[in-house]
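Have a look at the structure below, then the notes.
The numbers here are math on the coordinates, done by the rules we state, and not lab data. All figures in this text were calculated on a predicted structure; none of them were measured in a lab. Methodologically, a virtual Cβ is constructed for each residue, glycine included, from the backbone with ideal geometry; neighbour enumeration extends over all protein chains shown.
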Amino acid sequence: MKAEYIPNQSKIIKLIQEKKSFLIVSHVYPDGDAIGSVLGISNALISLDKKVVAYIADRIPRQFSSLPGIDLVRTKYNVEETDATFVLDASNIERLGEAGNFISGSIINIDHHPDNSLFGDVNLVIPTASSTSEIVFNLLKYFPLNKEAVSALYYGLLSDTGGFMYNNTGEGTFKTALDMIRYGVSAGEIAYKVFYSIPYATMKIYIDVLKDIHIDKEVNLVWCILPLEVMESEAFQDNTSPLLDMLLKIEEAGTIVLFKEHKDKYRVSLRSKSKDVGAIARALGGGGHRSASAFDLLNKQESAIIDTLNKIKTLLGGQN
Ligand SMILES: [Mn+2]
């Protein structure tokens, strides 16, 4: 961790010691890092006898239902005053959806997105960190931590690095993982939970979807549309990361574009092996990381998909 982050880290440690009640929030469309960092910090604060409310203003995908402590996370909230709010893994307040309206007390912003707007009263934003879970662990290790809290954080780190495979994996990631393992975390068990737990019915849907993928060999772009009926089906459960990972396994695929149809828009997810898809998403009104990002396409006409693909192609070409 770089030197300039240490003063902010001490400020947060002091806030944890002094304050009594905490709200912990993260972004809509919660992923493994959002859930892992929320559970990790909630669990640790509870062991310190703090009053804790964890709140994510969205459906919690079924893949997270087996995580210890997941029942702590509320998806509905009534206003309660808290001394401080932890905002985790979110570049800005808008990413929190409804949860953004309930922030109270000192805002502690912990994140690794390069486009974080530093909205907190204290900001611990480290773009070189693999995950928010990694930052949270390195903060909490100054407090007594139990295996459950560390397991949740390991889950977050493992999912945000694609199992130590994405470009965001670095020396700090392995060092943190080693420190985590020393708490008795079961690496294999968590890896199976993150990467080998697609329900049978969901796998059948993935196979169906994969029959209709497209490639643009000029810019090594693979793209695919997830229609509304798939997105809303009981078996699909919003869990598109395994699908994105499968598409990225294609040798010719440098960049993946997945159009996820919602009632009023397409949510467009991008992944790339070497291009900066964070910059592309920002150019198109969204945000994210260098190798994983997303934006909303509000025009649902078929021509809008072709237009968007052309824009992405141009932006990819411009990066050479
Ligand atoms: Mn993250």
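So here's what we get for this one:
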quantity	calculated
C-alpha long axis of helix 171-181 to longest principal axis of the chain, angle in °	60 degrees
All-pairs alpha carbon distance profile, the stretch 200-318, 5 Å steps from 0, percent	2, 11, 24, 25, 21, 12, 4, 1, 0
Dipole of the chain, positive direction: furthest Cα of Asn43, Ala99, Pro61, with charges on the beta-carbon	Asn43
Antiparallel %, DSSP beta bridges [both residues in the chain], to 5	40 percent
Electrostatic dipole magnitude of the stretch 1-143 [Cβ: Lys, Arg +1; Asp, Glu -1; Cα centre; debye, to 20]	340 debye
Positive-pole candidate from Ser131, Tyr5, Asn78, dipole of the chain, charges at beta carbon	Tyr5
For peptides 118-128, 276-286, sequence by mean Cβ density within 10 Å, most packed first	276-286, 118-128
Distance in nm between pseudo-label sites at Glu94 and Tyr192 (7 Å out along the Cβ direction from Cα)	4.2 nm
Cα-projected label distance for Glu302 with Leu210, points at 7 Å along beta-carbon direction, nm	2.6 nm
Cα-centred dipole magnitude for the chain, charges only on beta-carbon of K, R (+1) and D, E (-1), debye, nearest 20	440 debye
For the chain, the Rg and Dmax computed from alpha carbons only, in angstrom	19.3, 58
Helix-only CD estimate at 222 nm, as mean residue ellipticity for the chain, using -39500 (n - 2.57) per DSSP H run (n ≥ 4)	-11500 deg cm²/dmol
FRET efficiency, Asn320 to Asp245 (Cβ-Cβ, R0 25 Å, nearest 0.05)	0.45
Packing-based order for 297-303, 13-19, 34-40, using average beta carbon neighbours within 10 Å, highest first	34-40, 13-19, 297-303
Radius 10 Å from Cβ of Arg282, net charge of other residues (Lys, Arg +1; Asp, Glu -1)	-2
P(r) weight above 21 Å for the stretch 5-195, C-alpha pairs, percent	43 percent
Relative contact order of the chain, pairs being alpha-carbon contacts under 8 Å that are 6 or more residues apart, as %	13 percent
Inter-probe distance in nm under a simple model that places probes 7 Å from Cα toward Cβ, at Ser233 and Lys14	5.5 nm
Residue list for the stretch 108-131, given a label point 7 angstrom along the Cα-to-Cβ vector of Ile6 and an amide N cut-off under 18 Å	123-126
Loop sites in the stretch 80-122: GluC sites (Glu not before Pro), DSSP, at most 10 other Cβ within 10 Å	Glu81
Positive-end residue of Ile280, Leu298, Thr202, charge dipole of the stretch 200-318 with Cβ unit charges	Ile280
Mean separation of Cα contacts under 8 Å (6+ apart) over length of the stretch 200-318, as relative contact order %	18 percent
